[in-house]
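Note sheet for the following structure.
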Amino acid sequence: MTCLPDSTDKKLGLVIDLDICVGCQACVTSCKEWNTGGYSAPLSDHDPYGADPSGAWLNRVHSYEVDNAHWSGTVHFPRSCLHCETPDCVTVCPTGASYKRAEDGIVLVNPDTCIGCKLCSWACPYGAREYDHDHGVMKKCTLCVDRIYNETIPEEDRIPACVRACPTGARAFGDLGDPDSAVSQSVAERDGFGLFEEFGYKPVNRYLPPRKGSDRAPTVATEEAPTNTGSAMEKLFAWADRALSR
Amino acid sequence: MHPAYSVLIFTTSAGAGYGLLFWLVLVEASGRTSHTHWSFFFTLMLALALITIGLLSSTFHLGHPERAWRAFSQWRSSWLSREGVAALATYVPAGLLALLSLLKIDSGVVVLLDLLAAIGAVVTVWCTGMIYASLRTIRQWNMRLVPAIYLALSATSGALLLELMNAAYGITGGWEVWLTLACLQGAQGLKRIYFRRIDGEAGRYTAAMALGMGENGIRQIDPPHTRPNYVMREMGYEVGRRHAVRLRRWMHMYLFVVPTMWLALLVLSNLPPLLLLVPATIFAAVGLFVERWLFFAEAEHVSMLYYGKDRA
Ligand code: SF4
Ligand code: SF4
């Protein structure tokens, strides 16, 4: 059903810390690895080792250089579906293949009913949906719905593959609808923001902004200057120092 | 946006078919038709053929055409689904009209079917326009003017085809030529307003909004791939400014100016109508195709803000 649920019990999503992401692409490759192997059909690639490689990826990391009052430096910027609360990518779908789950807010595509008309990808302002040319259907981030509820894998793996893979801990997963969850707390603490809120789809995922230089500079206690006692030993060392540095 | 040929053929061919259907049945319902059962039947068949070719062509760009029937299910929220439903529904009165004219039955029900077919044609083309107009991600499409232009161009191409078919059956001197001229002028006016509007606004969304990292001074240093990906190929298709200006000129020339001249000649001279209408229709078809190509190629998608564009 492509009408949106009025509300969802949970708002599962990701929190991405732009301050510590180093742009290593581990989340990108582990996303591809997990999603090409399990759910549905492989995420196809074309000419992967040739001159013009392309393929369907559900998570991509851009790198920007930012130089303004807000921040100055390089920002690595992971971008995937933000599991918006009111996205047109769901309502435009003519078949009902694109849907938002009422229980946890995850936005999914049913690969068995999608006709591959691509209209949903046109409706996404974030460029988060990618068409799979071999499978003939639209692909997108599933928030690893086949991991997070999967009781056949160890408990510590029941989080999205990207979160599991991130070596710096720049990605977190949780219920952003619950103000007491760890993810909501970190968003509150760090002034987390939604991407492109002006557009109005109410994205669920949150980004933690890079810390400002002033936030980060460590406050170091100023060291006491050593007082000169004028002893014979001190004079000897001072003479040796001068002599050796000549 | 990438102009997929299957979609260009679909919107132009089906648009012309619905336009022809609309005028043909309206003229019949008004009781002023000079068509015989046979000429009505064949003209109706041409309309249905154009519509069917268009609809079939639209399934070619689907990843799973065999599942196309599923697209009729979500009419509550999706304009694409509504278009499918309207297209299918329009076949019913149009098909019955074809049957009645084939059997040479003139009954009161014909007028009712005429009206239903005309409404179906308008609703279907309106839905096509709304598929594009409802996408807030693309400012060149997200305008009330877009469905109006789809309707106007469908009416124009349909009127021209009706005029051509009339001439082929030796029906001349009707008021259809004035109708066609009026459509041409109206559609051209709407297109002019459209171009002025899209040229006049810069796009209300910026890269700063999309990224949330302050105004100005943002530069993409590393794209997330080594070669353009699906999003860039589909949503990032761009036509060069100079190229677009030239194509717009051709479009005005072929779609509006040349057919208007031929039609004026038809009114003013005694030349055989077909001699004038065949080239007029061919020019208009080329112009319409250019118009639709530009409609896609000039459309900018906001997702490109993540790929180094400043505004969309
Ligand atoms: S990010 Fe795009 S694909 Fe994901 S829910 Fe929002 S609009 Fe839909
Ligand atoms: S590509 Fe598939 S999921 Fe997307 S709108 Fe078309 S049918 Fe729906």
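Structure above, values below:
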item	result
The one condition in (1) of a type outside the set (K, R); (2) at the interface with another protein chain (Cβ under 9 Å from one of its Cβ atoms); (3) surrounded by fewer than 16 Cβ atoms within 10 Å (Cβ to Cβ) that B:W38 fails to fulfil	(2)
Qualifying position, being of a type in the set (F, W, Y) and within 16 Å of ligand 2 (Cβ to nearest atom), among A:Y99, A:Y64	A:Y99
Spans of helices (runs of 4 or more DSSP H) in segment A:96-214 with at least 3 residues surrounded by fewer than 16 Cβ atoms within 10 Å (Cβ to Cβ)	A:182-190
Residue, surrounded by the most Cβ atoms within 10 Å (Cβ to Cβ), within segment A:73-88, restricted to residues that are facing chain B (nearest Cβ under 8 Å) and more than 16 Å from ligand 1 (Cβ to nearest atom)	A:V75
Residue ID - farthest from ligand 1 (Cβ to nearest atom), chosen from residues in segment A:98-126 that are among the hydroxyl-bearing types (S, T, Y) and either closer than 19 Å to B:E66 by Cα or within 7 Å of chain B (Cβ to nearest Cβ) (or both)	A:T113
Count of residues meeting criterion [in contact (Cβ under 8 Å) with a residue 40 or more places away in the chain and away from ligand 1 (no atom under 16 Å from the Cβ)] in segment A:127-170	15
Matching option when the condition is modelled with pLDDT under 95, of a type in the set (F, W, Y) and out of contact with any strand residue (DSSP E or B) (no Cβ under 7 Å at 6 or more places or on another chain), among B:W141, B:W175	B:W175
Some residue of segment A:107-123 being touching a Phe, Trp or Tyr at 6+ places or on another chain (Cβ under 7 Å), within 20 Å of B:G63 (Cβ to Cβ), more than 7 Å from ligand 2 (Cβ to nearest atom) and among the hydrophobic types (A, V, I, L, M, F, W, C)	yes
Residue that is at pLDDT 95 or above and in contact with an Asp or Glu (Cβ under 8 Å, 6 or more places away or on another chain), where the choices are B:S134, B:S154	B:S134
Filter pass, A:G73 being of a type outside the set (F, W, Y), touching a His at 6+ places or on another chain (Cβ under 7 Å) and more than 10 Å from ligand 2 (Cβ to nearest atom)	no
Within segment A:1-28, considering residues that are within 12 Å of chain B (Cβ to nearest Cβ) and part of a helix (DSSP H, G or I), the one farthest from A:Y149 (Cα to Cα)	A:V28
Options B:M209, B:M253; residue that is surrounded by fewer than 20 Cβ atoms within 10 Å (Cβ to Cβ), part of a helix (DSSP H, G or I) and within 14 Å of another protein chain (Cβ to nearest Cβ)	B:M209
Any hit, segment B:184-203, residues being within 14 Å of chain A (Cβ to nearest Cβ), farther than 30 Å from B:P272 by Cβ and not in a helix (DSSP H, G or I)	yes
Qualifying residue in segment B:216-233 (condition: in contact with a helix residue (DSSP H, G or I) (Cβ under 8 Å, 6 or more places away or on another chain) and acidic (D, E))	no
Test: residue in segment A:35-58 that is surrounded by fewer than 21 Cβ atoms within 10 Å (Cβ to Cβ), within 20 Å of the chain's Cα centre (by Cα) and either within 7 Å of chain B (Cβ to nearest Cβ) or hydrophobic (A, V, I, L, M, F, W, C) (or both)	no
Failed criterion for A:V92 (all others in (1) within 9 Å of ligand 1 (Cβ to nearest atom); (2) within 11 Å of another protein chain (Cβ to nearest Cβ) hold)	(1)
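The values are calculated or read from the model by the stated rules, or taken from the named source; none is laboratory data. Here the structure is a predicted model, which is why all the values come from computation and not from measurement. All Cβ positions, glycine included, derive from the backbone under ideal geometry; neighbour counts span all protein chains shown.
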